[in-house]
1. Can you find, within region 48-71, the residue that is farthest from the ligand (Cβ to nearest atom) among those that are within 14 Å of Pro87 (Cβ to Cβ) and either touching a Pro at 6+ places or on another chain (Cβ under 7 Å) or open to solvent by 80 Å² or more (accessible area, probe 1.4 Å) (or both)?
2. Suppose we keep only residues that are among the basic types (Lys, Arg) and more than 11 Å from the ligand (Cβ to nearest atom) within region 119-158. Which one would you say is surrounded by the fewest Cβ atoms within 10 Å (Cβ to Cβ)?
3. Pairs needed: first member in region 101-113, closer than 16 Å to Asn188 by Cβ; second member anywhere, polar (S, T, N, Q) and part of a strand (DSSP E or B); C-beta distance under 6 Å; at least 6 residues apart or different chains.
4. Residues in region 72-97 that are open to solvent by less than 20 Å² (accessible area, probe 1.4 Å) and within 8 Å of the ligand (Cβ to nearest atom): how many?
5. Pairs only if they're at least six apart or on different chains, beta carbon under 9 angstrom, first in region 5-18 and under 13 Å from Asp198 (Cβ atoms), second surrounded by fewer than 24 Cβ atoms within 10 Å (Cβ to Cβ) and among the acidic types (Asp, Glu); list them, first residue then second.
6. Going by the conditions given, is Glu210 open to solvent by 50 Å² or more (accessible area, probe 1.4 Å), more than 15 Å from the ligand (Cβ to nearest atom), charged (D, E, K, R) and in a helix (DSSP H, G or I)?
7. Please specify each residue of region 1-47 satisfying the condition of being out of contact with any strand residue (DSSP E or B) (no Cβ under 9 Å at 6 or more places or on another chain), more than 10 Å from the ligand (Cβ to nearest atom) and open to solvent by 50 Å² or more (accessible area, probe 1.4 Å).
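The values are calculated or read from the model by the stated rules, or taken from the named source; none is laboratory data. Remember, it's a predicted structure, so these values are computed and weren't measured experimentally. Note that we place each Cβ from the backbone using ideal geometry, even for glycine, and neighbour counts take in every protein chain shown. All accessible areas refer to the heavy atoms of the entire protein, side chains included, with ligands and DNA or RNA removed. Shrake-Rupley method; radii C 1.70, N 1.55, O 1.52, S 1.80 Å.
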Amino acid sequence: MHLVLLGPPGAGKGTQAKRLAEKLDLPHISTGDILRNNVKLGTELGKQAKGIMEKGLLVPDDLMAKMLDERFSNPDIKKGFILDGYPRTLPQADCLDRILKDKGLNLDLVIYLDSSDEVIIKRLTGRLVCSKCGANYHVTNMPPKVQGVCDSCQGSLYQRSDDNETTVRKRLEVYKQQVSSLIEHYKNSGKLHTLNADLGAQIVLEQIIELSAKV
Ligand code: AP5
């Protein structure tokens, strides 16, 4: 399975990719997670990306291309993959096509998780993330049992620096500038399916599983 999850910030790309990766035993490739890890480790890429991410802007395509090339040179890719957060621009979609072509691979499915601005802002401004295992919580919709502590691993919970309302709105604006050209790119391939990601996470997961079973 070679699957791409597209969608606005907060649509549930990470949530669905994680669940699907566990179910299908596939690598989950999140460009946001790779970037955040680089920021945490203080790498050159992390230093370049930090300020850009905090402003809700996109990391330049050439840096992303290098990062993706590196990730796709990992042999685990032979099992398949679930790509979350890439591509976000047309040049990135072309870059992915080139990487896959070089490896003799094809995309099987592109799922566009469509969500409304109102839902996204509520989800992201209330999101808490576990610093140890990456589990997601929400201050009101899904609070942890003990405030600030992860239910499953007892790690401390934090709010992502780009999850404040101003930056979330900027991320949405940036996303909307790019999305139509991406949709057009994949519509022509016949592999694109749109799902209503305002629905519950379990319902969306079941719909994705149904689509992937048809591939
Ligand atoms: P990234 O980390 O990819 O952020 P994003 O795209 O803004 O997406 P999120 O992680 O915020 O949301 P998501 O869609 O994964 O939703 P999630 O499952 O977490 O990127 C961060 C930054 O890195 C970018 O802004 C950019 O600067 C840079 N970057 C990354 N990739 C790049 C690229 N390719 N090119 C250039 N720059 C790049 O869910 C959100 C919340 O909602 C969670 O709390 C979850 O529990 C909850 N939730 C999810 N689904 C549901 C549901 N169905 N019902 C109720 N709650 C739900």
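1. By that ranking, first place goes to Asp62.
2. Applying the filter and picking the extreme gives Lys145.
3. Tyr112/Thr194
4. Looking only at that region, the number is 6.
5. Gly7/Asp114; Pro8/Asp114; Pro8/Asp117; Gly10/Asp163; Ala11/Asp114; Ala11/Asp198
6. Yes; evaluated as a whole, the condition is true for this residue.
7. Lys23, Asp25, Asn37, Lys40, Leu41, Glu44, Lys47
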